[in-house]
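A.B. asks: Here you go, one structure.
The values are calculated or read from the model by the stated rules, or taken from the named source; none is laboratory data. Computed from a predicted structure; not experimentally measured. No Cβ is skipped: glycine too gets one built from the backbone with ideal geometry, and neighbour counts run over all protein chains shown.
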Amino acid sequence: MFKGYRKIKQLIKGKTYHLWVADNEKKRRQGLKGIKSLTPRTGMLFIYDNEVNTTFTMKDVNIPLKIIFLDRYMNIIDNFNCKPGQTGIGPNKPFKYVIEIPIKS
């Protein structure tokens, strides 16, 4: 599905997820745009070189997602249940990592 992306396993709330890694600007911009469905317990991990304070958008994303924002120590800062088309998604603090998973995983 994501040719050229590294894939990792990550434990989230006692469940193992398989996450594609978006670790450069091009991959982060693409995100999960255009995906019609995800198999259970799959998603994407966004990695930034430094902490950032920006917002995410669900433009061109076709499935509801839980978006989890983490600090540089991998502590959860905030999380949001998001719908396709939603914009302006983000915490009020800087973050370094973001995980997107289907809400029904």
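A.B. asks: Spot the failing condition for L11; the list is (1) loosely packed, with under 10 Cβ neighbours inside 10 Å; (2) out of contact with any helix residue (DSSP H, G or I) (no Cβ under 9 Å at 6 or more places or on another chain); (3) over 17 Å from M74 (Cα atoms), and only one is missed.
C.D. replies: (3)
A.B. asks: Give me a count of the residues in segment 74-105 that are assigned to a loop (DSSP other than H, G, I, E, B), closer than 23 Å to K15 by Cα and either under 13 Å from the mean Cα position of the chain (by Cα) or of a type in the set (A, V, I, L, M) (or both).
C.D. replies: The qualifying residues number 2.
A.B. asks: Which of (1) modelled with pLDDT under 95; (2) touching a helix residue (DSSP H, G or I) at 6+ places or on another chain (Cβ under 8 Å) does K3 not meet, given it meets every other one?
C.D. replies: The number of the failed condition is (2).
A.B. asks: Please enumerate the residues belonging to segment 60-89 that are among the charged types (D, E, K, R) and out of contact with any strand residue (DSSP E or B) (no Cβ under 6 Å at 6 or more places or on another chain).
C.D. replies: D60, K83, listed by residue number.
A.B. asks: Considering every residue within segment 51-73, establish whether at least one is assigned to a strand (DSSP E or B) and either exposed (fewer than 11 other Cβ atoms within 10 Å of the Cβ) or acidic (D, E) (or both).
C.D. replies: Yes: segment 51-73 contains one or more residues that are assigned to a strand (DSSP E or B) and either exposed (fewer than 11 other Cβ atoms within 10 Å of the Cβ) or acidic (D, E) (or both).
A.B. asks: For residues that are touching a Lys or Arg at 6+ places or on another chain (Cβ under 7 Å) and part of a strand (DSSP E or B), scanning just segment 37-49, find the one that is farthest from L11 (Cα to Cα).
C.D. replies: Checked segment 37-49; the qualifying residue farthest from L11 (Cα to Cα) is Y48.
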